[in-house]
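Structure first, then comments.
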Amino acid sequence: MTIEGLAAHGVLCFGGEDWWYHNRGHCDMQFMRQFSKYGRVIYVNSIVMRKPNIGEGRMFWRRLQRKSRSIMRGLVRVGERFWVYSPLTAPVHHVSWARPLNERLLRTQLQHVIRRVGLRQPLVWVNCPAACDAALGLSRTVLVYQRTDRFEDFPGVDVEQIRRYDRKLKQHADLTFFASRTLFEQEKSQCRKAAYVDHGVDYERFANASKNPWIPQEMKGLRRPIAGFFGGIDAHTFDLSLMVDVIRTLPDVSFVFVGKSSIEPTHLARHSNVLMIGQRPFEQIPHYGKLFDVCLMPWKQNRWIEACNPIKLKEYLALGHPVVSTPFGELRRYSGTVFVAESSEDFAASILRALKEPVDLQRRREGVHKESWPVKCQAVIDRLGE
């Protein structure tokens, strides 16, 4: 597949997130923006993987309501050559007799949308493994599997079924590419063709944020120094107990959290030196981040984090601020640039060390200024061309 091929055939992407309700800085969304410069793109909002769990209470009903609103939008054109679609599907991947019916329903909807947009045997891009059977059943030119995370370790899924989808996609995809070196080394032998292409960064947006004088209202007059985090605050990734210990240890530091939280926010918000801002549009995120004195990645130590490569790391570095993180494999590339801490005591001490460092924005930006999304998009196209 070449750029000319993208222009001729277009792309159908099974996204890992819902375009309408998530931060649009996610890697699949970034790649699709780049591809839409060359040809038509349909971004299919994430296929539900979780098993229904009414026991989650308010969170379950909130997700159901949100997904229903997304489905009601149907096919929406969001750019000159970019459409977003939310199909009707059921969370029945754990029910053997219902899976084929669900897949047929999904595939029928997609075939209609593909004809409507005018795609002809598109490149089919899969970031959500639950879309496996529908993707394999579509007429296509190329199949790409984007293995960004261990979705089989995502809370509430049928672990074995998601593993089966993952193996099946690796066996059939013309290219499986990994954003994590750890996953690439462990799983490349399972793939027909594998490549390592790590995440990019919207470099200019973050590096130039400080040149814009606009300051979010919530940040005005906030006591410094400011230690900040932006992104999803989720139970399977965010180490809440570590973060609470750090907040208590550093009462003179203001802690700011920008993003949607699936954790009860009062666990953090009840502390007087904490500001919980909630989710904000991606375009505004750099203007919160530019006001941080140190950036935080307080991750849990589990299989999900072991194989992760968070985009926010490069976004933090593009801002030029010091970063304090718990360990994960991809950090080895940034030895000497990121403060790594394994305990809450180390994390608090690292924040204090980072705050004492001389301001050196350029040194941190040097490692990521050539890591833009257009560069990563071209790397994928080059590998497809091979």
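Values computed for the structure shown
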item	result
Qualifying residue in region 45-57 (condition: within 29 Å of Phe282 (Cα to Cα), more than 17 Å from the chain's Cα centre (by Cα) and in a helix (DSSP H, G or I))	yes
Long-range neighbours under 6 Å by Cβ, at least six apart or interchain, first residue touching a residue at least 24 places away in the same chain (Cβ under 8 Å) and within 22 Å of Phe178 (Cα to Cα) within region 327-342, second surrounded by fewer than 18 Cβ atoms within 10 Å (Cβ to Cβ) and β-branched (Val, Ile, Thr)	Gly329/Thr182
Residues of region 369-386 that turn out to be basic (Lys, Arg) and part of a loop (DSSP other than H, G, I, E, B), as a count	1
Entirely in region 76-178, the helices (runs of 4 or more DSSP H) that have 1 or more residues that are of a type in the set (Asp, Glu) and farther than 24 Å from Thr237 by Cα	99-117, 132-136
Residue match in region 313-321 (condition: touching a helix residue (DSSP H, G or I) at 6+ places or on another chain (Cβ under 7 Å), over 20 Å from Leu291 (Cβ atoms), outside the structural domain of Arg24 (by TED's automatic domain parsing) and assigned to a loop (DSSP other than H, G, I, E, B))	no
Tabulated pairs, region 374-386, first closer than 19 Å to Asp202 by Cα, second part of a helix (DSSP H, G or I) and at pLDDT below 90, C-beta under 8 angstrom, 6+ apart or interchain	Ile381/Ile3; Ile381/Leu6
Region 185-196: number of residues that are part of a helix (DSSP H, G or I) and either in the same structural domain as Asp234 (by TED's automatic domain parsing) or surrounded by 15 or more Cβ atoms within 10 Å (Cβ to Cβ) (or both)	2
Flag if Asp252 is outside any helix (DSSP H, G or I), among the charged types (D, E, K, R) and either at pLDDT 95 or above or surrounded by 17 or more Cβ atoms within 10 Å (Cβ to Cβ) (or both)	yes
Verdict on Thr182 being surrounded by fewer than 21 Cβ atoms within 10 Å (Cβ to Cβ) and in contact with a helix residue (DSSP H, G or I) (Cβ under 7 Å, 6 or more places away or on another chain)	yes
Pairs, first on the phi < 0 side of the Ramachandran plot in region 55-74, second loosely packed, with under 12 Cβ neighbours inside 10 Å and modelled with pLDDT under 85, C-beta under 7 Å, six or more apart	Phe60/Ile54
Verdict on Arg224 being outside any loop (DSSP other than H, G, I, E, B) and either among the polar types (S, T, N, Q) or in the same structural domain as Ser350 (by TED's automatic domain parsing) (or both)	no
Qualifying residues in region 105-124 (those that are more than 18 Å from Ser36 (Cβ to Cβ) and among the charged types (D, E, K, R)) - the one farthest from the chain's Cα centre (by Cα)	Arg115
Some residue of region 325-339 being under 13 Å from Val201 (Cβ atoms), buried (at least 18 other Cβ atoms within 10 Å of the Cβ) and acidic (Asp, Glu)	no
Residue satisfying all of: in region 263-277; part of a loop (DSSP other than H, G, I, E, B) and out of contact with any Phe, Trp or Tyr (no Cβ under 7 Å at 6 or more places or on another chain); nearest to Arg248 (Cα to Cα) among these	His271
Residue tally, condition in contact (Cβ under 8 Å) with a residue 24 or more places away in the chain and either on the phi > 0 side of the Ramachandran plot or in contact with a Ser or Thr (Cβ under 8 Å, 6 or more places away or on another chain) (or both), over region 99-123	5
In region 116-160, residue surrounded by the most Cβ atoms within 10 Å (Cβ to Cβ) [restricted to those that are within 19 Å of Ala307 (Cβ to Cβ) and of a type in the set (Phe, Trp, Tyr)]	Tyr145
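The values are calculated or read from the model by the stated rules, or taken from the named source; none is laboratory data. Note that this is a predicted model, so its numbers are computed, not measured. All Cβ positions, glycine included, derive from the backbone under ideal geometry; neighbour counts span all protein chains shown.
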